[in-house]
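Chemist: My structure is below; once you've seen it, I'll send some questions.
No lab work stands behind these numbers, since they all come straight from the coordinates. The structure presented is a predicted model; accordingly, all values stated were derived computationally and were not measured. As a convention, Cβ positions derive from the backbone with ideal geometry for all residues, glycine included, and neighbour counts pool all protein chains shown.
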Amino acid sequence: MSDVGQIERKAQDRVVKFFRDALELDYLGNWEYREGNSNVEVELLTRNLRARGYDNDLISKALDKLKRDASLGGGRDLYEANRDVYSLLRYGVKVRPGIGEQTKTVWLIDWADPGANHFALAEEVTVFGQHAKRPDVVLYVNGIALVTLELKRSKVAVSEGIRQTIGNQKPEFIRPFFTTVQLVMAGNDVEGLRYAVIDTAEKYWLAWREPSDVEDPLDRALSQLCSKQRLLEIVHDFIVFDAGIKKACRHNQYFGVKAAQLRVAKRDGGIIWHTQGSGKSLTMVWLAKWLREHQPDARVLLITDRTELDEQIEKVFGGVNESIYRTSSGADMLATLNQSTEWLICSLIHKFRGSDSDADQDDASRDFIAELNAQIPKDFSAKGNIFVFVDEAHRTQSGKMHDAMKQLLPGAMFIGFTGTPLLKADKTTSIETFGSFIHTYKFDEAVQDGVVLDLRYEARNIDQHLTSPAQVDKWFDVKTKGMTDLSRAELKKRWGTMQKVVSSEPRAKQIVNDILLDMETKPRLMNGRGNAMLAGSSIYQACKLYELFCNAGFKGKCAIVTSYEPQAGDISKEDSGEGATERLRQYEIYRQMLADHFSEPADIAMGKVEKFEKDVKERFVEHPGQMRLLIVVDKLLTGFDAPPATYLYIDKQMRDHGLFQAICRVNRLD
């Protein structure tokens with residue numbers, strides 16, 4: 001045996017001993033040469049089910065259902081099979097003992113009594129597929145493989161173990177084994193542990209952060225994630241299947257929900273501040289799910305001003321077997337609360353407002369409150385044990401919203417959620433409104449964890465008096481510094497008229513050329529794998545910039561996304577005979593953009609702004625080489641619906657929350 005093998009063997013022996021002694025897992029042995037290794041060890045599962053009182057007939061039928069759902073082939077992929085198995089684990093296997101008899105539930109895992117389950121591990125588990133693979137350690141609960149762990153010696157990066165696990169899930173290896181697996185892990189004694197779920201790319205693997213007296217980083221993380229109670233809790237309460245992607249909680253989401261649970265026990269509201277990009281909406285989902293199952297007669301009302309959050313919450317709850325009722329108006333919300341039919345209700349404040357500016361959001365909130373006050377039924381008395389989640393709790397208007405809702409729902413508990421730092425004035429108002437912080441996860445913590453990227457800022461001035469050719473050459477030299485002579489010569493050819501353009505055109509043209517040059521020289525932009533957003537100061541400026549980009553050859557690769565919807569009535573009195581006014585020009589550019597996109601007459605296309613926005617956002621995110629630039633004003637800069645970007649150009653005044661949320665468009669992992 002080589003020294004490398006001996007060193008890794010020692011590390012694995014130590015970890016196996018840690019599982020046996022510290023975490024009290026049964027040791028099933030070294031299964032390298034054992035035949036028939038499976039993700040469902042029938043003998044172990046049968047033994048546990050019998051011990052918990054199930055008869056052989058129920059056990060046989062439950063096993064048949066589990067094996068069917070855990071199988072691949074016939075059009076079933078790993079995601080679908082894993083989701084179906086998770087459903088059986090989480091909600092039990094529904095079995096009918098005989099014809100005409102009532103359905104019974106066979107619980108493959110006893111969630112209520114962790115001690116009734118059999119926790120065990122096996123090492124060197126050889127699994128046969130198209131090509132055999134051998135996970136270092138597999139954790140079984142009642143004979144069902146829930147966790148795989150790859151271990152590396154301290155001089156080999158954890159990333160090697162991650163890639164090995166990802167490779168094992170490929171169809172040519174042992175993909176079917178992972179249909180029951182809930183968590184995949186890789187670690188060594190220096191870097192500690194990383195964890196994920198099936199089909200997770202390497203950059204999305206997570207580190208667990210939690211105070212502990214255990215010095216060794218690997219042992220510490222294993223004790224925190226793989227202790228019997230914690231492992232079952234994470235699998236039961238903190239896994240979700242969201243739009244084709246399986247997700248497990250990050251540590252901030254877990255501890256945010258746990259902290260909220262303690263506050264629920266005291267009926268003490270407050271604020272959860274988790275920075276932009278750290279999974280705030282899933283924290284809401286997991287908390288709401290817990291409330292549903294642990295609070296008598298619980299009902300959750302989620303107040304949001306983001307259409308996409310409203311839609312995404314609905315989709316995610318569908319993934320955990322719950323449906324959400326989306327109210328159509330304030331009156332509908334009151335009527336729904338006045339009855340006890342729906343337990344999960346989402347109310348969108350600004351149904352018909354397109355802008356995301358703070359002023360418009362505040363107006364929307366005022367309108368919503370006025371509608372509520374005008375339409376309260378005489379017999380109104382909200383039914384149930386109500387918990388109100390308020391999204392974007394930092395907003396000035398959230399205090400007034402809270403007061404209005406508190407009058408309507410005097411017994412409700414309110415929890416505010418925010419992703420942006422609470423500035424001094426907002427902090428006082430928000431804490432007075434909702435209560436103290438329940439849990440915080442700040443920007444620098446998320447950067448340290450690799451959940452979001454750090455931000456890089458470059459100030460740029462547009463010189464409006466570039467009249468000398470020498471100055472233009474100097475500008476070009478600075479912009480192309482670091483490029484080879486050949487590359488610079490090729491680029492200069494494409495910019496043949498640059499001296500004329502930069503010296504004679506107004507500021508807007510110079511901004512356009514500045515960005516076009518970045519498209520040819522900046523990392524990610526030059527190879528079509530990145531994208532950019534340009535924030536202008538007005539809708540008219542956005543239209544003017546769009547026209548300039550199109551004239552420069554960017555037609556079809558850029559788009560305007562604002563709150564504006566062209567209506568003929570808007571410009572009926574705009575033509576004075578003295579040339580096009582700004583409003584008329586804006587109307588014409590927008591109409592032409594829509595007509596070009598849909599390849600149909602402008603009169604028809606101008607009614608499809610919502611579909612246009614959805615199309616270009618999807619292309620911007622999924623195919624950045626085709627939709628390289630979005631020009632915006634307020635919309636898409638803040639809130640849940642804002643797509644991630646590689647570069648953000650800001651040509652407007654921004655400050656405080658709006659600025660922080662906008663720049664967080666470019667710090668997401670992609």
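Chemist: Computed FRET efficiency, Cβ-Cβ of E101 and E80, R0 30 Å: what is it to the nearest 0.05?
Modeler: So the FRET efficiency works out to roughly 0.50.
Chemist: Calculate, for L584 and N338, the FRET efficiency according to 1/(1 + (r/R0)^6) with r their C-beta to C-beta distance and R0 51 Å; round to the nearest 0.05.
Modeler: Here the calculated transfer efficiency is 0.55.
Chemist: Cα-Cα over 25 Å: which of K104/K170; K289/K608; K10/K258; K383/K406?
Modeler: Result: K104/K170; K289/K608; K10/K258 exceed 25 Å.
Chemist: On to the next question. Excluding L525 itself, calculate the net charge of residues whose Cβ lies under 9 Å from the Cβ of L525, where each Lys or Arg counts +1 and each Asp or Glu counts -1.
Modeler: Net charge around L525: +2.
Chemist: Next question. Order the peptides 176-189, 617-630 from the highest to the lowest mean number of other Cβ atoms within 10 Å of their residues.
Modeler: Most protected by this proxy first, the peptides run 176-189, 617-630.
Chemist: While we're here: Could you please report the charge total around V85, scoring K, R as +1 and D, E as -1 over all other residues with beta-carbon less than 14 angstrom from its beta-carbon?
Modeler: +3
Chemist: Still on this structure, I have one more. In the structure shown, do any of K555/K611; K155/K442; K247/K614; K315/K614 have a Cα-Cα gap over 23 Å, and if so which?
Modeler: Distance filter (> 23 Å) returns K155/K442; K247/K614.
Chemist: Turning to a different aspect of this structure: Which of the peptides 437-446, 55-64 is most tightly packed, and how do the rest follow, judged by the mean count of other Cβ atoms within 10 Å per residue?
Modeler: Most protected by this proxy first, the peptides run 437-446, 55-64.
Chemist: Give K94/K228; K509/K557; K280/K509 a once-over and call out the pairs whose C-alpha atoms are over 29 Å from each other.
Modeler: Listed pairs above 29 Å: K280/K509.
Chemist: Here's something else I'd like to know. Using the crude model of +1 on Lys and Arg Cβ and -1 on Asp and Glu Cβ, and no other charge, please compute the dipole size for the range 120-173 relative to its Cα centre, in debye to 20.
Modeler: In total the dipole reaches around 180 debye.
Chemist: What net charge do the residues around K228 carry, taking every other residue with its C-beta under 12 Å from that of K228, with Lys and Arg at +1 and Asp and Glu at -1?
Modeler: Cβ neighbours under 12 Å give a net charge of -4.
Chemist: Which order do the peptides 328-341, 90-103, 547-560 come out in when sorted by mean C-beta neighbours inside 10 angstrom, highest first?
Modeler: Highest-to-lowest ranking by the protection proxy: 547-560, 328-341, 90-103.
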